[in-house]
Structure formats: C-alpha cells, structure tokens
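The values are calculated or read from the model by the stated rules, or taken from the named source; none is laboratory data. Bear in mind the structure is a predicted one, so any value in this text is a computation, not a measurement. Heads up, the Cβs are rebuilt from the backbone with ideal geometry, glycines too, and the neighbour counts pull from every protein chain shown.
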Amino acid sequence: MSSPGPDVVQPALSVRGLRKEFGAHVAVDDLSFDLLPGRSLAIVGESGSGKTTVARMIVGLERPTAGTITACGRDRSKPARKGQERKLRGREVQIVFQDPYSSLDPRQSGADLVDEVLRLHHSYDVATRRRTVAELADLVGLDERQMHARPRSLSGGQRQRVAIARALAAEPRVLILDESVAALDVSIQAQVLNVLADIRDERGISYVLISHDLAVVRQLTEDALVMQHGKVVERGATGQLLDSPRHPYTQMLRASVPGPGWKPVRSLREATRY
Amino acid sequence: MTHPALLRVTDLTVRLRLGEQMREVISGSTLEIGAGEAMGLVGESGSGKSMTARAIARLLPAGAEVSGQVDFDGTDVLALSGAELRAHRSKVAVVFQDPRAHINPVRRIEDFMTESLRTIDDVPKAEAARRAAYGLEEVGIDDPAKRLRQYPHELSGGMLQRVMIAGALLSEPRLLLADECTTALDVTTQSEVMAILDDLRRERGLSMLFITHDLELAGAVCDRTCVMYAGQVVETRAADQLHFDPLHPYSAALVQARPDITSSAHRLVAIPGRPVSAFEAPGGCRFAPRCPHVTDACREDEQSLSELDGGRVRCGRSGDLRGSLLPPVSHA
Amino acid sequence: MSIPVGSTLPTGAAPDEPGPGALAAPGDTRSARTRHLPRLGVGGWVSVGIIVFAVLLAIFGPLVRPYDPNQVSLSYANVGPVGGHLLGFDGAGRDLLSRLMVGARSTLLGAALVSSVAVAIGSSLAVLTAWFGGRFDTAVSSGLDVMFAFPGILLAVLAAAVFGPGLLAAGLALSMAYSPYLARVLRGAALKERAMAYIQAGEVQGFSSWWLCFRHLLPNISSLIVAQGTIFFGFAVVDLAALSFLGLGIQPPQADWGVMVSEGKTPLLQGYPLEAISAVVCIVLVVSAVSFLGEKLQERPMDVQR
C-alpha cells in the first residue's frame, strides 16, 4: 500500500469488492467505487437491487461478507469493538434514513437530539454547544420553536431536517442519504433538496444518494451507478447516464419515468430491447 | 366538453372525527368526470384527494359528516343504502395503494377475485372462475389458471396490483377509482401497470379517477387533471395544458418544485411552508400564505372556482397572472 | 376489486389522510401536558380514587387506627358492629376496622415490591434479548420457557419451604415467577423499537449499547411497562393473599388482608362472615382498580407521541 502522493486526493469513501450474502441470496456482488471529497454519488436501483444493503454496510449496520470499506483512509469493514472506534467512525460517515416518522426519538426535541450528539463527539462547553445547535438549525432551515418541539408536532419535512442536522452534528465527511427525500411531499422535497445543496456548498461534504428517483438523482449528484440484482450494470456521470443510457436496464429505467409526451408501455422489455 | 358527465360531485364537504373533534377534510369539492374520461386528482398530504374518492365510493369512516352532492349516472350517491348501495359499489371499483393490505392473505387469488361475483351477482362458481382467468389474462398475467390457485404471498407487488385491477374490473364497473395505485411499485412496474390500466380503460370506455401525487404521471395518462389543496379543488384543466400553462399559482409551483430529469437546476423553486389540511387552512385563499403572488385581497376574500380557458381555477388573480406563472421554458 | 358488502374502511392506504400527525397538528387546543394523559373516563377516575385512598391508608393507617389491632379481648370475639367499633370484632376479639387499616400497609407494600422487582427483571431481560438478539436471545428465551412451567404459587411454596415463611421469601419467589411473563410481553415491544430508524441512527453516531438501551429504547416502551406493572400488581395482591391464606406469607398475628381472609374462614363457617368479607372486599376493590387503570394505560396507543 503506497500512501497517496501530494497531488492525489484521498477519497472520502472507498469501497472495494464489496459483497453481501443473506443465506444463499447474494444481495450485493463485487461493488467498488471511490467518492472524492465534495462529490456526490448516486446509487440507483429498484427494490431488491441491493442499494439499501450497500448503505447499511457503509455505516456499519450490516457486516460485509467480503470486500473492504475505507472512509477517510481508515478501514471500517469489520464491526467496531471499542467505543472510541465507534465514535471515530461516527465522525466519518453519517446517514439520513427514508422514514421521517421513525428516525427521531419521540421523546426528544431536535435541539436535545443534536445536543446529545455534540456531547458524544466534541468536548464543547454549554455555550458552544448551544451556538452549534443554533448554527445547525439555521443550516437546515428550522427556527427556534421548531428545534425545541417534540417530533410529533413537526411535519415530515421538518423531521427530516432535524435528522439531517443530527447527522451533521458529528461533522462527518460523508453523508449517506438513503431515500431521504422519497417520503416527502413534492413541495417539501424541493425544500430539503435545496437545503442539501446548500450544505454541500458550505461544508464540502460528500453525499452518497441511494434512490430510485432519477429526477432527484439528477438534481443532487454528479456521478451515478446503476444496480440491478446486486450488481453494477452501468456507471458514469449522472447527466450522461440519464441522457444517453447505454445498458438496456438503465434504458428501461429511464423509459419508465413519466414526463411530457411520455406514454406508459405495456412491455418495457420489448420496447427497450432488454 | 366532449364527454357527457357520468359523475358529478358538487360542493362536497366532509368532516371526520379526529380525536374528540369533528375536522373538515374536504371543503366544497366540485368536479365532474365524463363517460370514458380519465381525470387525474393531484395534491399533497391533507389535500383531501383520497377522501374525495372515498366519498364517491361511499367508503368514508363511520361517523363522517357529508354534505353536498355526488351524482353518479343520475343517482344521488349520498342517499343510497342497502341493496342500492351495493349496486352502486359494483359500478364503482376501487384500487388502492397497497394491494397486500386489501387482500386476505390466507385465501387463494381465485377466492378473492370471484367472491363478489358469486355472492352479489350469483354467478356459478365455474363461470366466475372462467371470468377471473380471463380477467387475469387481460392484465397481462401468464398462466392464469396457476395464478388463481396461488396465495397472495406467492405474488410480487406488481403482480398483485394487476390482480387487484383485474378483480376490480370483473364486476364491469363504469368508474374506476385508482388511489395512488402505483405509488408503492418500482418505476418499471409502475409503467407496465399504468399501460395496462390505460389500455383496459380505453377498450371498455371506462371512466377513471386517478389519484396521485405525481403531476407528470397524471398528465401522461389522464385527459384532465384536477389539483386539490387544503380540501379544495384549486384547478381543473386539460392534462397536457396544466403542465405548460397552469392557471393557479399552486399548480405552477407544483410543476416547478419537482426536479427535472433532463437537467439539474442550481436550486429548485421550492414552495415555502408546508401543505395544510382543510381544517388548518386560513381564511381567504387557502394557498395565500405560501403563494409568491399573494395580495391583501387574497388573504381576505374566499376564492371561488371560475371558468377560464376551458378549465376552472380558484384564484382571483388568475386572469392577470396567466402566462407568467412559469419561467420561459425551452421544451422541444 | 368491487367493494365487498359491508366492507370497512381500509386503513393505512392513503398518505393523504390526516394521520396521527394531523391529530397533533398546530391548532390542537389541548395543551401538550394534558395530551400525554390518557382519557380515563368515570371508571378510571373511580379507580384512581380507590388507589389513592388505599395508598393513604397504607401510609397513615397504622397511625390513625382507632384501636390496637392486636389487642385481644376474647369476650368480644365475633361481636358485630357496636358503638365505636364500626365493623365489630374478629374471632379473637380484635377490632376489625383497625386491623383492616393496619393491614393495608403490608398488603400493598408486598404487592408493590413483587410487581416492581418483576418489572425490573422482566424489562431488563426484554431489552437485553431484543438488543443483542442471536444466541443470547435464544438462550434466555428457552430459559424463560422453562420458568413458564412453574406456577408462581408453587415457586413461592418452594421458597417458603427453603427460607421459611415470610413476606420476603414469598415475595421474591413471586417476582421470579412473574418476570418471564413480563419479559415475553415487553420483548415484543422492545424488538419493534429496536428496529426503529432512530435507534439505528444512534448506533451509527457511535453511542454505546447501554446508552441507547436505557436512554432511548426503555423510555419509549415505558407506558407499556407501567401498564404491565399495574396488571401484575393486581396479581401480586391476590397471590400474596393466597400465600398468607396458606400460612406461607405474612404470619399471624400481624394484620394483613390475606391473613384476615385466612383467619376469617373459621368464623365464616360459624356464621360470622364479617372479617373474611371485609378483607375480601378491600382486596377486590384495590385489585380491580389497579387492573382497570392498567388496562386504560395500555389502551393508549403506543405511538401516540410519534
């Protein structure tokens, strides 16, 4: 292993030969990618493609059967044994889940949640913590009252902002967005997507967007890879991949998205020669 | 209008018991669907779109207070009871979002599909099974005889939703209420199910109320689109026009808020605030607090639906704003 | 699907409905504080009244009793209510009312002890098995299955045989016997909570298992724990009384409702039912009140706060 030279940027996240088996079923098969700091990668696929399993392996909620995951130059392929190691990993990669209703502790306000994370990771004094909570609230677009409300009185979009603020409190280098805007209303989804774009501009964080929604993928990412049955079938720059998909499966996905002039097709496989 | 109206909903207001209070979820909804016409019903959470469909099928929760009129082919739906109501329900079929929640998991597909044929229409068992098999074939399911013997858990979500559609069409309804029926499906499966629905509807001259949050999907498969906000219809318009020439600021905002698959914007045009339910809505125009074109008059005056360019819109400023709601677009 | 006759409203289908979130929407006139309280109804408030009265009796009963509960005066044996002695006397001529008032303490204290120990053991087992899962869960669950085979009373009899009769041995034995039931009920809730995204988000943050279990998971199943605890409180009152009746729990001459039922059986057969009946009425009232309240608490939807 040679250390990266001065002109080579170390990837924020690097995945090599990742594989996950559930019994006889292979959920993820030989996945590799590098994510540079400040870049965004989309992992696109339908249900059963293995995309969510990838996200769960990266954050350590599932253990890979084979392959390595490296974040900020440190290996995280095996479960963390020590508390210190768990915390270090928490400061490298964070995740925002799909369901805004189950991703917050119902007994804690947004401010409490964020404060709890700050106390775990940083040895800030009370005043610094309070200021950081306010900064994060500002970053995700929540006001004072909303930050101090219990999750039950917040809407789905507001809850998802709290979840983003909590994830950012650890100051991670990589944020995994596991269908994080899929459950939101259209008007709210746009707000949250804008917030995510602002955060990237401001903090230079990298995103891994797990999504089935190609329009959202186009909006937020520069690179994309398409997964089907656990395997990557196509990868490339997001714009190019969506404008001129080469793999038949990507073509089929692209053809299923409604838009002006779109008509549903009874047999997509025939229409896209897949 | 080219279609004679099959369904006419006039000034429908629905209140539901939520907790200890009666809460308004639909406030004076008005729409009509012609024979053979497909109407898209689009809106966000709390807009009342699903409740509108349930009121039409008379499937509202117990204790709901309903006023206004629902006229289906000359019958007053809200006044029906007993045998007449059953007859109405066999003419109006419903397909829901989650097929697994609406099918008995321990009974075979055949039992599910033929149940109402045999119990309501007294069709003999063999004949009912034959019709069910034919129905499955129509929705593009291979080997229907085998599928009929299977249990729901043996079928994928997309397959099961096709079974639901086939089942819904067995009683030869005249109106199909499709409530987010493809939302839970993968995009490729959604496309196939939509195509099947579209074909069958045209073949049979069936009317459809297609409820969805996806404006573009509604635009692709419907003749007209009706946009609801906070329990009210705010715009009804030819589906292809709504996308390029919306009349209501909310419709325009919905069109713009959705990211575009053909290009990425630096920022999306988001609508500030959150969608509200009818009972939370302010007086005056209900969209006023979120509207970029709001005036003092909007906040004070209750808006009414008025005709404009073949559509209907609930906005006092729609005449002035026409054409300026969307930025100039370069769609080919 | 054409709608089957008499079909009920399908739930969960439409994202459009004002769901639980809408119930809590701004404009809800009930304050945040009252919303956390379940609606009790008349029965609930009567139960609360009975329990408060019983607790006051347990605290102050021995202080305000009109007579010495152990003062034997055989000449008054089984004499009915007379001036100053509202309930009359028991078989040994002791004042019944005083004995009831003094007996409340040991009866309620014993049951409270039993149910809280059982809840502590049961909920710890539930949370730990749900959290660690795998072989640990399998091992503990099979252990609990073995425990199910022993009725609580049998275990308590065994404990009394080994450690001698008395409240402590009987109480601990009952707690041990109850805890598998609590563990099984609570494990389901804990498993459900364990799978919630907020717990997983905490794991990704790097919080320790103990922190997540006791600061997040446990508090969120607390309403079920409290509800179960009240139900087992009721069982404990009855079972402790039964043990006293068998002579294995609290020992005479100490006043205790269970002991009173036991001692009252001879006068009952002789046609002096007042001692047994008055103690039984007290037990039934308290147990019913606590069980009723427990059920009310459990009716409260678990995710009402969500």
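At a glance:
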{"quantity": "Options C:191, C:217; residue that is part of a helix (DSSP H, G or I), surrounded by 21 or more Cβ atoms within 10 Å (Cβ to Cβ) and more than 16 Å from the chain's Cα centre (by Cα)", "calculated": "C:217"}
{"quantity": "Residues of the stretch B:61-80 that turn out to be farther than 28 Å from residue B:205 by Cβ and not polar (S, T, N, Q), as a count", "calculated": "6"}
{"quantity": "Restricting the stretch B:268-320 to residues that are crowded, with 21+ Cβ neighbours inside 10 Å and β-branched (Val, Ile, Thr), the residue that is modelled with the highest pLDDT", "calculated": "B:313"}
{"quantity": "Given (1) among the acidic types (Asp, Glu); (2) more than 30 Å from residue B:230 (Cβ to Cβ); (3) within 8 Å of chain B (Cβ to nearest Cβ), index of the condition residue A:185 fails", "calculated": "(2)"}
{"quantity": "Pairs where the first residue, in the stretch C:39-68, is within 17 Å of residue C:284 (Cβ to Cβ) and the second is aromatic (Phe, Trp, Tyr), C-beta under 8 Å, 6+ apart", "calculated": "C:43/C:292; C:47/C:292"}
{"quantity": "Close pairs from the stretch C:197-218: first more than 7 Å from every other protein chain (Cβ to nearest Cβ), partner among the β-branched types (Val, Ile, Thr), Cβ under 7 Å, at least 6 apart", "calculated": "C:212/C:199; C:213/C:127; C:217/C:127; C:217/C:199; C:218/C:127"}
{"quantity": "Qualifying positions in the stretch B:226-247 - under 19 Å from residue B:46 (Cβ atoms) and away from chain A (no Cβ under 12 Å)", "calculated": "B:226, B:228, B:230, B:231, B:232, B:233, B:234, B:235"}
{"quantity": "So residue C:146, is it farther than 30 Å from residue C:259 by Cβ, in a helix (DSSP H, G or I), in contact with a Gly (Cβ under 7 Å, 6 or more places away or on another chain) and among the β-branched types (Val, Ile, Thr)", "calculated": "no"}
{"quantity": "Single match in A:188, A:199, A:176 (criterion: buried (at least 22 other Cβ atoms within 10 Å of the Cβ), more than 17 Å from residue A:154 (Cα to Cα) and of a type in the set (Val, Ile, Thr))", "calculated": "A:176"}
{"quantity": "Subset of the stretch B:84-131 (residues that are among the small types (Gly, Ala, Ser), within 12 Å of chain C (Cβ to nearest Cβ) and closer than 17 Å to residue B:172 by Cα)", "calculated": "B:87, B:90, B:93, B:116"}
{"quantity": "Candidates B:310, B:231, B:273, filtered to the one that is within 24 Å of the chain's Cα centre (by Cα) and closer than 24 Å to residue B:50 by Cα", "calculated": "B:231"}
{"quantity": "Candidate set: the stretch B:17-45, residues that are part of a loop (DSSP other than H, G, I, E, B) and within 11 Å of another protein chain (Cβ to nearest Cβ); chosen: the one nearest to the chain's Cα centre (by Cα)", "calculated": "B:43"}
{"quantity": "Checklist (1) within 7 Å of another protein chain (Cβ to nearest Cβ); (2) surrounded by fewer than 19 Cβ atoms within 10 Å (Cβ to Cβ); (3) closer than 25 Å to residue A:31 by Cα; (4) among the charged types (D, E, K, R) applied to residue A:218, failing item", "calculated": "(2)"}
{"quantity": "Among residues of the stretch A:146-174, those that are assigned to a helix (DSSP H, G or I), more than 18 Å from the chain's Cα centre (by Cα) and more than 14 Å from chain B (Cβ to nearest Cβ), counted", "calculated": "2"}
{"quantity": "Filtered residues of the stretch C:196-239 (kept if under 14 Å from residue C:130 (Cβ atoms) and aliphatic (A, V, I, L, M))", "calculated": "C:196, C:199, C:212, C:217, C:218, C:221, C:224, C:225"}
{"quantity": "Leading residue by the ranking (modelled with the lowest pLDDT) among those in the stretch B:174-212 that are surrounded by fewer than 20 Cβ atoms within 10 Å (Cβ to Cβ) and in a loop (DSSP other than H, G, I, E, B)", "calculated": "B:184"}
{"quantity": "Yes/no for residue C:249 being outside any helix (DSSP H, G or I) and either at the interface with chain A (Cβ under 10 Å from one of its Cβ atoms) or not hydrophobic (A, V, I, L, M, F, W, C) (or both)", "calculated": "yes"}
